[in-house]
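> The structure's right below; bear with me while I get my questions together.
Each value in this text was obtained by applying a stated rule to the coordinates, not by laboratory testing. Predicted, not measured: the structure shown is a model, and the values here were computed from it. Cβ placement follows ideal geometry from the backbone for every residue including glycine, while neighbour counts extend to all protein chains displayed.
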Amino acid sequence: MTISLIDTHAHLDMKEFDNDRDEVIARALAAGVTKIITVGTDISSSRKVIQLAEKYPQIYAGVGIHPHDAGRVAQSYIPQLKELAKHPKVVAIGETGLDFYRNYSPKEAQFAVLREQLELASELNLPIIIHTRRAAHETIEIIGEWIKRHPIVAGPRGVIHCFSEDAPTAKIFLEFGFYISFTGAVTYPQSKVAIVAKTVPIDKIMVETDCPFLTPQKYRGKRNEPSNVVLTAERLADALGIPLEKFAAQTSENALRLFKL
Ligand SMILES: [Zn+2]
């Protein structure tokens, strides 16, 4: 039986892929990765991911401002994102969120840019891709306020990408209507994230590479790429005690449902 997986979070626009992007995408397909959501981090990278989505049928795009870039957005960034989001292959707003680990942007800028992108996602009826690092409390607070402003939605709200928090935090995001996505970090020997994954209902789990970052243990130290999402899926299927084929089919179904692919 061949598996079919979706890499729900990649950064294929980044310069790390400039020399061999075609080969990277071919390797993903050969490994059973049938679709890739490639995610913008600022206006220029959001434009680039749309170009990639136009070039490759299996690529879809997210457009958004990463918390690292929140401090240097132009006044007009929301209308710009709104215009970009009209493209038929744009399936989400993001990535956005809060990052108090690196703190590349002032907190107040991160809060404002997250709130504004949440409102944009509501306006456009698109799911939101959330990055949260050392900022779970504040992320919960801002998303909680957003949900109070928009209590009724037809489908899921979005995804907490690269989930690295504990089980009680996962539970709060699940109750908010979010899916939980895991990276290759689950394969690291010291990682406890696979244990957290066991507390998440299987119809809410997705997998991603976040490439070129977070290379699974087997190739750690090298550049990450979408074909490696198979290693993350193997680790999680093992932790959950289910066959890889079943895990792949279920998580792909979840991604199709969330992003309406
Ligand atoms: Zn990312």
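> Taking neighbour Cβ counts within 10 Å as the exposure measure, how do Ile172, Ile93 sort from fewest upward?
Ile172, Ile93
> In nm, to one decimal, how far is the modelled label at Thr2 from the one at Arg115, with both set 7 Å along Cα→Cβ?
Once both label points are built, they end up 4.9 nm from each other.
> In debye to the nearest 20, how big a dipole does the chain give about its Cα centre with +1 on each Lys and Arg Cβ and -1 on each Asp and Glu Cβ?
Details: 31 positive and 31 negative charges, 28 e Å.
Dipole size: approximately 140 debye.
> Here's another thing I want to ask about it. Could you state the number of Å between the C-alpha centres of the range 180-219 and the range 34-66?
Each part's Cα centre sits 22 Å from the other's.
> Name the residue farthest towards the positive end of the dipole of the chain from the options Ile202, His9, Asn254, assuming +1 on Cβ of Lys and Arg, -1 on Cβ of Asp and Glu, about the Cα centre.
Positive-end residue among those listed: Ile202.
> Where a Cα-Cα gap under 29 Å defines reach, which lysines qualify for Lys55, not counting those fewer than 8 residues away within the same chain?
Reachable lysines: Lys15, Lys35, Lys82, Lys86, Lys89, Lys222, Lys260.
> Using unit Cβ charges (K, R positive; D, E negative) and no other charged atoms, how large, in debye to the nearest 20, is the dipole of the range 12-68 about its Cα centre?
In debye, rounded to 20, the range 12-68 gives about 160.
> Between Tyr104 and Lys86, what length in nm is gained on full extension when 0.36 nm per residue of separation is reduced by their alpha carbon distance?
Gain on stretching Tyr104 to Lys86: 3.6 nm.
> Here's something else I'd like to know. What are the aspartates and glutamates whose alpha-carbon lies under 14 Å from the alpha-carbon of Lys148, with same-chain residues fewer than 8 places away excluded?
Partners within reach: Glu119, Glu175.
> Please report the relative contact order for the range 1-131, taking Cα pairs under 8 Å with a sequence separation of at least 6, and give it as a percent rounded to a whole number.
Relative contact order here is 21 percent.
> Would you please classify the overall shape of the range 137-231 from the alpha carbon gyration tensor, given that a ≥ b ≥ c denote the square roots of the eigenvalues, rounded means a/c under 1.5, and beyond that prolate means a/b larger than b/c while oblate covers the rest?
prolate
> Mind listing which trypsin sites (Lys or Arg not before Pro) in the range 97-135 are in a DSSP loop and have 12 or fewer other Cβ atoms within 10 Å?
Arg102
> Which whole-number percent gives the relative contact order of the chain, counting Cα pairs below 8 Å spaced six or more residues apart?
Reported relative contact order: 21 percent.
> Please say if the range 203-260 is rounded, prolate or oblate, where rounded means a/c under 1.5 for a ≥ b ≥ c the square roots of the C-alpha gyration tensor eigenvalues, and otherwise the choice is prolate for a/b larger than b/c and oblate otherwise?
Oblate.
> Next question, about the same structure. Where in the chain is the longest stretch that carries no chymotrypsin sites (Phe, Trp or Tyr not before Pro) classed as loop by DSSP and with at most 15 other Cβ atoms within 10 Å? Intermediate values should be presented prior to the final figure.
Numbers: sites that count: Tyr101, Tyr104.
It runs 105-261.
> Can you list which of the trypsin sites (Lys or Arg not before Pro) found in the range 145-253 are DSSP loop residues with at most 14 other C-beta atoms within 10 Å?
Loop-located and lightly packed - Lys192, Lys198, Arg220, Lys222.
> If you don't mind, another one. Using the charge dipole of the range 208-261 (Lys, Arg: +1 at Cβ; Asp, Glu: -1 at Cβ; taken about the Cα centre), state which of Pro243, Gly221, Leu231 has its Cα farthest towards the positive end.
Gly221
> In straight Cα distance, which aspartates and glutamates are under 15 Å from Lys198, not counting same-chain residues fewer than 8 positions off?
Excluding near neighbours in sequence, the set is Glu165, Asp166, Glu234, Asp238.
> Now a separate question. Starting from the Cα of Ala74, move 7 Å in the Cα-to-Cβ direction to define the label point; list residues of the range 104-133 whose amide nitrogen is under 18 Å from there.
113, 117
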